[in-house]
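Here's the structure, in structure tokens; my notes come after.
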Amino acid sequence: MKKLLLLTLVLNLTTLIAQRPQGQRPNIKVTGKVIEKGSGDPLEYATLVLQSVRNPQEVTGGITNLDGVFEVEAPAGMYNISVEFISYKTFRKEKQLLRSDTDLGTITLSIDVEQLAEVDVIAERTTVELRLDKKIYNVGKDLTVSGGTVSDVLDNVPSVSVDVEGNVQLRGNDDVRILINGKPSAITGLNSTDALRQLPAESIEKVEVITSPSARYDAEGSGGIINIILRRSKLQGLNGALTTNLGYPYSAGINGNLNYRTGDLNIFTNTGYNYRQRPGNSFNATNFFDATGAFTNSIREERDIERERKGYNVNFGVEWYVNKTSSITQSIFLRSSNNSSETTNTFFQTDALGDTSSGFRFDPETEDDKTFQYSLNYDKQFNGNSDHKLTFAFQYETSDESEESLIIQNGFDSESVATIEDQRRVFMQSDYVVPIGENGQFELGYRGDFNKLNTDYDVVFISPTIAELGITNPSNVLDYKETINAVYTQFGTKIKKFSFLSGLRYESTRLIINQIETGDFNRNNFDGLFPTLNLNYEFNEMESLQFGYNRRIRRPRSRFLNPFPSRSSPTNLFQGNPNLTPSFSNQVDFGYLKRYKKLTLNSSIYFARATDVITFITEDTEEDTVFDGEQVSIIRRTPVNLAKNDRYGFEMNANYRPTKKWNINGNVNLFNLITRGDFNGQNFDADNLSWFVRLNNKITLPGKVDWQTRLFYRGPSETAQTKNQGIFSMSLAFSKDLFKEKASLAFNISDVFNSQRRVSETVTPFFNSDSKFQWRVRSYNLSFTYRFNQKKKRSQGRQGDDGGGEEFEG
């Protein structure tokens, strides 16, 4: 019955589109060709506009193809005709009577020098496109991340922050869904944090920040979605850019993006090799107490970490324009990295009598990651209308990761640890969009995600043995399977100054957790309906209001479900919880945008209520291990479902451009997280008011040297057990264009004061601890970029302008 109703709906829509009202004027064809004055080269994506003289609100038109040719159908009548292409002077013909098929012949456009200068300026700045369900940040010339990574880029995007451990947060919420080109991707690997730290910043074209996702997007991610769009040009001929960088602590890399377009084919690649050293450090001091609260012993750990990251990534694809209305794109992504780290832990123990002892633990680890991804995309437009289309995407990927280490404690081989992860994923999505009326649009789609992950964790205790340690062997094999099927539909339209987009998504999730070593088997199945609503009201071109509502889900990750413990030190371990259930949340968002001549303000207030929240707690395992002949308690960090939390927040983005050579951008986010819940008789209620502020200042000095300063401060935060101090960092960058702007030389200093470290205090009934953690130290980087056959003005025009307006630096 459901299939019959769906078929009937599609047939009715098709009939409505095909019908033409009685008495409508017969259609005619308007053809022609657009070329560039002087060179005679055809101009692809030039726009033909036909405006009815009798009724100026009736506007139709089309764009030119690869050969600069256009062919448009329109009712017979009298029209004002114009042909436009960005940075070129507009061709116009007024009051042309078109009664039959008409060939306008060859139309020549010449460059508009004044407009060209403006386009060049825009290309240097990051611009923002506002949509009903997202904000699109077109990454411009951000000096502070030149030669850096994708993580560095994200940490400079408004609403987004990256903590000292590399975890991405959106408005302070770390449950963020990260997509690549609109899809979950092997590019982010098995560990998205490490993968984003290894992908070069130059590979990004734009970042979509989706705080109120429509039904088209995954319901996963209570914080929202960040969609990273990789660079790909569509210019004729061979064009591209090459970037090399050298830094300290020692880093070096070379990255290039190349495109070659000829005829119906567009061949593109984004390739790079990078080597980075990333030293870090941490400190932890823990005091233990018995049931009466009396002090029993303490342990102080000092940890130094030396990391080495090296590897390459290749993204190669071919786009085939089958005809004027359809295209097929195939691409292959390869990533291989060989990483190593050496972690030295020095331990100092003091017992209740004041006697002390010490020791050290040396953990040299090697890690090999290999990723393969094949993608196929098909795009079909009906009757040359980009608003009436069918798309299909298929993706197959494999990711393999192996980690090995031989831990040395007090000069003797202590334990051997090996982890091998093997992931296979199939993704597919089909989407059909049809226009309804003049401004309406209906969309129907399906999305399937099929994921298999096998984790083999093997630990061998050498000295002391596992029996002497008195612990359970954590070796295990976990077989994890996740299947998600989703169908969705949405409808949107614009009525004068009011726009809305309403949708409904259904997701069916099936999880299998199979512990091979113990034979334990868990199956979690859950379904959900996820409504969405996005509204916008434009008072005028300079002022508008937005509203968004959506329901979201946070599914437990495979690592959160793995019940076997992994140890970071003899006294600290992480253990998953196979009984975790998903967390659901309902969210609302009110936004306000106001533009002035030199100032743009974009603000919003938001509220989210989540149930069965997945929260990490720290607890005493009530087990001991041997440390220098003494029994020491083992502390466990594990995820659990707490009752609920409420998140209130306010966000403000401001951009002020006092002169053409000076731009200031600020981003403030203030949020309050209220958690209520109990676990194992312990209360975890907490009120956490926190905030962060980011300020970017860019000015052009004499000699056309660009100087950029970035300031960031994250306010103190608090959970039921832990208090974190505020974190401040500052980065500086300088850049100079060379060779008539075909090349650029940039120098930046990241974390000038070496202050980007987490300082926290944890208090429980049985122990308390103070800790400091710094993932990387202050770094310096020098990069050189050379562009060939790339015209910024042409690139801007061909990619299109989907509603820009707001601009900011970095």
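The values are calculated or read from the model by the stated rules, or taken from the named source; none is laboratory data. The structure displayed is predicted, hence computed values, not measured ones. FYI the Cβ positions are ideal-geometry reconstructions off the backbone, even for glycines, and counts take in every protein chain you see.
Of everything listed in (1) in the same structural domain as Phe766 (by TED's automatic domain parsing); (2) free of Cβ contacts under 8 Å to residues at least 12 places away in the same chain, the single unmet condition for Ser386 is (1). Taking the conditions exactly as written (over 28 Å from Ile484 (Cα atoms), touching a helix residue (DSSP H, G or I) at 6+ places or on another chain (Cβ under 9 Å) and at pLDDT 75 or above), does Ala201 satisfy them or not? No: the conditions fail for Ala201. Restricted to strands (runs of 3 or more DSSP E) entirely inside region 487-588, those with at least 2 residues that are polar (S, T, N, Q) and over 18 Å from Tyr446 (Cα atoms) are 498-515, 521-540, 543-554, 566-569.
Looking at this structure, is Ile495 modelled with pLDDT of 85 or more, farther than 18 Å from Thr615 by Cα and among the hydrophobic types (A, V, I, L, M, F, W, C)? Yes: the conditions hold for Ile495. Within region 216-272, the residues that satisfy the criterion of being at pLDDT 85 or above, polar (S, T, N, Q) and either surrounded by fewer than 22 Cβ atoms within 10 Å (Cβ to Cβ) or not assigned by TED's automatic domain parsing to the domain that holds Ser779 (or both) are Asn227, Thr244, Ser251, Thr269, Thr271.
Quick check on region 665-684. Is at least one of its residues surrounded by fewer than 20 Cβ atoms within 10 Å (Cβ to Cβ), over 14 Å from Ser159 (Cα atoms), touching an Asp or Glu at 6+ places or on another chain (Cβ under 6 Å) and free of Cβ contacts under 8 Å to residues at least 40 places away in the same chain? Within region 665-684 (the criterion being surrounded by fewer than 20 Cβ atoms within 10 Å (Cβ to Cβ), over 14 Å from Ser159 (Cα atoms), touching an Asp or Glu at 6+ places or on another chain (Cβ under 6 Å) and free of Cβ contacts under 8 Å to residues at least 40 places away in the same chain), the answer is yes, since at least one residue qualifies. Yes or no: Gln22 out of contact with any Pro (no Cβ under 6 Å at 6 or more places or on another chain), farther than 30 Å from Val157 by Cβ and modelled with pLDDT under 80? Yes: the conditions hold for Gln22. Is it fair to say Glu401 is under 22 Å from Asn339 (Cβ atoms) and either in contact (Cβ under 8 Å) with a residue 60 or more places away in the chain or not in a strand (DSSP E or B) (or both)? Criteria met by Glu401. Note on region 687-731: residues that are under 23 Å from Phe773 (Cα atoms) and part of a strand (DSSP E or B) total 22.
One line per residue, one yes/no per condition, for (1) under 21 Å from Asp458 (Cβ atoms); (2) among the basic types (Lys, Arg); (3) in contact with a strand residue (DSSP E or B) (Cβ under 9 Å, 6 or more places away or on another chain); (4) outside the structural domain of Val613 (by TED's automatic domain parsing):
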site	(1), (2), (3), (4)
Ser499	no, no, yes, no
Arg505	no, yes, yes, no
Asn522	no, no, yes, no
Ser544	no, no, yes, no
Gly548	no, no, yes, no
Pro556	no, no, yes, no
Asn562	yes, no, yes, no
Ser566	yes, no, yes, no
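The combined condition, being in contact with a Leu (Cβ under 8 Å, 6 or more places away or on another chain) and hydrophobic (A, V, I, L, M, F, W, C), is not fulfilled by Ile462. Would you point out the residue of region 204-215, among those that are among the charged types (D, E, K, R) and modelled with pLDDT of 80 or more, that is nearest to Val318 (Cα to Cα)? Looking at residues that are among the charged types (D, E, K, R) and modelled with pLDDT of 80 or more, I get Lys206. Within region 391-407, can one find any residue that is of a type in the set (Gly, Ala, Ser), surrounded by 16 or more Cβ atoms within 10 Å (Cβ to Cβ) and within 24 Å of the chain's Cα centre (by Cα)? So far as region 391-407 goes, yes, one or more of its residues are of a type in the set (Gly, Ala, Ser), surrounded by 16 or more Cβ atoms within 10 Å (Cβ to Cβ) and within 24 Å of the chain's Cα centre (by Cα). Restricting Arg505, Arg523 to those that are of a type in the set (Lys, Arg) and closer than 23 Å to Tyr217 by Cβ reduces the list to Arg505.
Working only within region 368-390, note down all residues that are more than 26 Å from Gly62 (Cβ to Cβ) and crowded, with 19+ Cβ neighbours inside 10 Å. Can you show your working first?
As a first pass, look at region 368-390 and keep what is more than 26 Å from Gly62 (Cβ to Cβ): 368-376.
Answer for region 368-390, where residues must be more than 26 Å from Gly62 (Cβ to Cβ) and crowded, with 19+ Cβ neighbours inside 10 Å: Asp369, Thr371, Gln373, Ser375.
Kindly evaluate Ala643 against the criterion of being surrounded by 21 or more Cβ atoms within 10 Å (Cβ to Cβ) and either touching a strand residue (DSSP E or B) at 6+ places or on another chain (Cβ under 9 Å) or at pLDDT below 90 (or both). So Ala643 does not fit the description; no. Just one of the listed residues (Glu482, Glu517) is crowded, with 18+ Cβ neighbours inside 10 Å and of a type in the set (Asp, Glu), and it is Glu482.
Please go through region 72-94 and pick out each residue that is among the hydrophobic types (A, V, I, L, M, F, W, C) and not in a strand (DSSP E or B).
Correct list: Ala76, Phe85, Ile86.
Taking region 723-763 as the range and being of a type in the set (A, V, I, L, M) and surrounded by fewer than 19 Cβ atoms within 10 Å (Cβ to Cβ) as the test, the residues that pass are Met730, Leu732, Leu738, Ala743, Leu745, Ile749, Val752, Val759, Val763.
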